[in-house]
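Right, one structure below, let's go through it.
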Amino acid sequence: MPYNISEIVANFSTEGEIDTIIPFGSGHINDTFRIKITGSDLPGYLLQRVNHYVFVNVPALMNNVQLVTEHLKKKLIKAPGSDPENEVLTIVRTKDNKLFFQDTDDNYWRMYLFLKNTKSYDQVLTENQAYEGGKAFGNFQLLLADLDVTLLAETIPGFHNVTMRLDKFNKAVLVDGKDRIKEVLPELRFIVERVEKMTSILNLGKEGKLPLRIIHNDTKFNNILLDVHDHAQCIIDLDTVMPGYVAYDFGDAIRTIINTASEDEPDLSKINLNISLFKAYTEGYFKSAHHFLTDLEVEMLVMGVLLIPYMQGVRFLTDYIEGDVYYKTYFAGHNLQRTRAQFQLLRKLEEQHAILDQIIHEVSETYKAPSSQ
Ligand code: ADP
Ligand code: GN1
Ligand code: MG
């Protein structure tokens, strides 16, 4: 292990002796470790090295996480039958009462209480899991609806701004520092063909027709912890909670739920759509979100489903062209393989987009008041 984790843990206000330290999870950004405590009922801790290349202002990021978790806990305390300790992340502060610890190599570390008996899934297995995911992310948006947006810092500027993502991509193509453009000409064409269509949500937002809400911005399914009964227990990975359009969160969740293969599947023939999981997620999402969604937001959800795999592909390809500096990669060409898988998923989504839209509208209709006869 490249870090002396015991030394780092010693800076936090923890209880008990460290038993084991286990690298944990499958996130692409942060380094995560589970800290088990010897011979006690304590749940232990989750320690993370926050990726300082991706998140340039870690103090502002941790301030966001503090604000969001505090707000969620306050709301849940008042909700009958809820359990804020286990349903919201709890930050463990350092011994000098800070939200993070900075080591001598300028690494930033933060700690949460470990949520025992929970599981996160890279791929959804059942309709119930998809339904639970939809309900949880919808509820997350609902609970944060009354948090003052201006208090939150933009931890990654323009995170889901497709125009900014395309600008960054174009710059990488012009520089072509690793001489990789020659390998990706079909992908370049794929991106260019869709540019106009993909700016529709952003344009409606700029025109003031879509409301900016506090959203999660990283709703891939493994950012939900499910309990032993597969009920959604806690939304995690709060580093990108910022203002955005709800279609982004819907689209990112669907990107990971509807795909019959993994995000980086090399065999494109395995990438298909699981429509019943899509329907289940949509039903769960509307159960919570129908309280606040406008008609135009409902209208644009399907566009989010197309946009996010597109933008994800653009982001993976930008990273490939720039020499794999952003996402963790596990082999040469990993980011290119991810790009191709995202674009194949997008082709499938484009083919079925009318069906997906119909399902969204059918589910939405079930929440409309019956018209007077
Ligand atoms: P990344 O930004 O790298 O995706 P996450 O914050 O999503 O990091 O954490 C990585 C994994 O660690 C999650 O997918 C989940 O399995 C696990 N995890 C995160 N927070 C907790 C927690 N408080 N309790 C238990 N497991 C957690
Ligand atoms: C990253 O941290 P993780 O693995 O949950 C990325 C997301 C991408 C995702 C693709 C801060 O999420 O935006 O959608 O990989 N997070 C950041 O799997 O860039
Ligand atoms: Mg994550």
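The values are calculated or read from the model by the stated rules, or taken from the named source; none is laboratory data. Computed from a predicted model, the values in this text were never measured in an experiment. No Cβ is skipped: glycine too gets one built from the backbone with ideal geometry, and neighbour counts run over all protein chains shown.
Structure above, values below:
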read-out	value
The one condition in (1) closer than 23 Å to Leu76 by Cα; (2) without any contact (Cβ under 8 Å) to a residue 40 or more places away in the chain that Leu238 fails to fulfil	(2)
Residue tally, condition on the phi > 0 side of the Ramachandran plot and under 20 Å from the mean Cα position of the chain (by Cα), over the stretch 325-359	0
Counted residues, the stretch 203-257 - those being touching an Asp or Glu at 6+ places or on another chain (Cβ under 8 Å), more than 13 Å from ligand 3 (Cβ to nearest atom) and among the polar types (S, T, N, Q)	1
Test: residue in the stretch 45-56 that is out of contact with any Gly (no Cβ under 6 Å at 6 or more places or on another chain) and more than 16 Å from ligand 1 (Cβ to nearest atom)	no
Exclusive hit being buried (at least 18 other Cβ atoms within 10 Å of the Cβ), away from ligand 3 (no atom under 16 Å from the Cβ) and outside the structural domain of Lys328 (by TED's automatic domain parsing), set Gly16, Gly27, Gly44, Gly39	Gly44
Elements of type helices (runs of 4 or more DSSP H) in the stretch 253-369, at least 2 residues being in the same structural domain as Gly27 (by TED's automatic domain parsing)	none
Some residue of the stretch 190-198 being in the same structural domain as Ala247 (by TED's automatic domain parsing) and under 20 Å from the mean Cα position of the chain (by Cα)	yes
Pairs with Cβ under 7 Å, 6+ apart, first in the stretch 125-144 and among the hydroxyl-bearing types (Ser, Thr, Tyr), second in a helix (DSSP H, G or I)	Tyr131/Ala280; Tyr131/Tyr281; Tyr131/Glu283; Tyr131/Gly284
